[in-house]
Amino acid sequence: MKKDKLTIKAKKEGYRARSVYKFFAINKKYALVRKNDKVLDLGCWPGSWIQALKKLDAVIVGVDITKIQEIPGTIFIQGDITSKQTQIGIKKYAPFDAVLSDLAPKTTGIREIDQQKCLDLSLTALEIAITCLRKNGNFLCKIFQNSDQEIIMQKARKKFHFTKLTKPQESKKHSKEMYLVCRGMK
């Protein structure tokens, strides 16, 4: 399998995945995470966003269903974010300045089922953000372009002063992924 330029660059620079450049681009444009912020990273495997957050001296709690290779100075919770037990574990570390979600479900290949799984994960991430963010906190969430994206947009608009969909140029051209940027929780 041919690796793209960003995958090669990420490995060369010591990052675990090319997605780190998506985070850098979005954060540069929207300033969602600042130096020394306390950040919750949902769907943190393999850990590239945590590596980026470490450059900002952030206090980081990462959560994923898949165990990541340890990153010193960070807290990792292995669990499914849809489970109450995992959500209780997350709340022990709240409030957060920012909640980031790069979650993606295991896909079935059946578009309707996969779209619903994506929406459900995004809505769960939004609910966690709403319960765990401090006032004026920020939220970033990967979503997939489809007819359901307006559902999460409407919910986010009620809770944040600023909401916008963005697709960083670092995303693969054919990818349907977008990022929901939310600033200033009400």
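Kindly indicate whether VAL33 is surrounded by 12 or more Cβ atoms within 10 Å (Cβ to Cβ), touching a helix residue (DSSP H, G or I) at 6+ places or on another chain (Cβ under 6 Å) and within 18 Å of LEU126 (Cβ to Cβ). Answer is yes for this residue. Scanning the range 73-91 for residues that are among the hydroxyl-bearing types (Ser, Thr, Tyr) and either modelled with pLDDT under 95 or out of contact with any helix residue (DSSP H, G or I) (no Cβ under 8 Å at 6 or more places or on another chain) (or both) turns up SER83, THR86. Across the range 139-151, a minimum of one residue is classified as hydroxyl-bearing (Ser, Thr, Tyr) and either in a loop (DSSP other than H, G, I, E, B) or loosely packed, with under 12 Cβ neighbours inside 10 Å (or both).
Only one of the numbered conditions (1) surrounded by fewer than 20 Cβ atoms within 10 Å (Cβ to Cβ); (2) at pLDDT 95 or above; (3) in contact with a Phe, Trp or Tyr (Cβ under 6 Å, 6 or more places away or on another chain) is violated by TRP49, and that is (1).
State whether the residues of the range 108-124 include one that is surrounded by 15 or more Cβ atoms within 10 Å (Cβ to Cβ), farther than 22 Å from PHE23 by Cα and in contact with a helix residue (DSSP H, G or I) (Cβ under 7 Å, 6 or more places away or on another chain). Please lay out each step first, then the result.
Of the residues in the range 108-124, the ones surrounded by 15 or more Cβ atoms within 10 Å (Cβ to Cβ) are 114-115, 117-119, 121-124.
Restricting the remaining residues to those that are farther than 22 Å from PHE23 by Cα gives 114-115, 117.
Narrowing the set further to residues that are in contact with a helix residue (DSSP H, G or I) (Cβ under 7 Å, 6 or more places away or on another chain) leaves none.
The answer is no, given that none of the residues of the range 108-124 is surrounded by 15 or more Cβ atoms within 10 Å (Cβ to Cβ), farther than 22 Å from PHE23 by Cα and in contact with a helix residue (DSSP H, G or I) (Cβ under 7 Å, 6 or more places away or on another chain).
For the range 75-96, enumerate the residues that are closer than 20 Å to PHE23 by Cβ, out of contact with any Leu (no Cβ under 8 Å at 6 or more places or on another chain) and not aliphatic (A, V, I, L, M). The one that is closer than 20 Å to PHE23 by Cβ, out of contact with any Leu (no Cβ under 8 Å at 6 or more places or on another chain) and not aliphatic (A, V, I, L, M): PHE76.
Per-residue answers, yes or no, for (1) among the hydroxyl-bearing types (Ser, Thr, Tyr); (2) within 17 Å of the chain's Cα centre (by Cα); (3) farther than 15 Å from SER19 by Cβ:
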{"residue": "LEU140", "(1), (2), (3)": "no, yes, no"}
{"residue": "ASN146", "(1), (2), (3)": "no, no, yes"}
{"residue": "ILE152", "(1), (2), (3)": "no, yes, yes"}
{"residue": "LYS158", "(1), (2), (3)": "no, no, yes"}
{"residue": "HIS161", "(1), (2), (3)": "no, no, yes"}
{"residue": "THR166", "(1), (2), (3)": "yes, yes, no"}
{"residue": "SER171", "(1), (2), (3)": "yes, yes, no"}
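Screening ARG157 against (1) surrounded by fewer than 15 Cβ atoms within 10 Å (Cβ to Cβ); (2) at pLDDT below 95 leaves a single unmet condition, (2).
The values are calculated or read from the model by the stated rules, or taken from the named source; none is laboratory data. What you see is a predicted model, and the numbers here were worked out from it, not measured in a lab. Cβ coordinates were reconstructed from backbone atoms using ideal geometry, including for glycine residues, and neighbour counts include every protein chain displayed.
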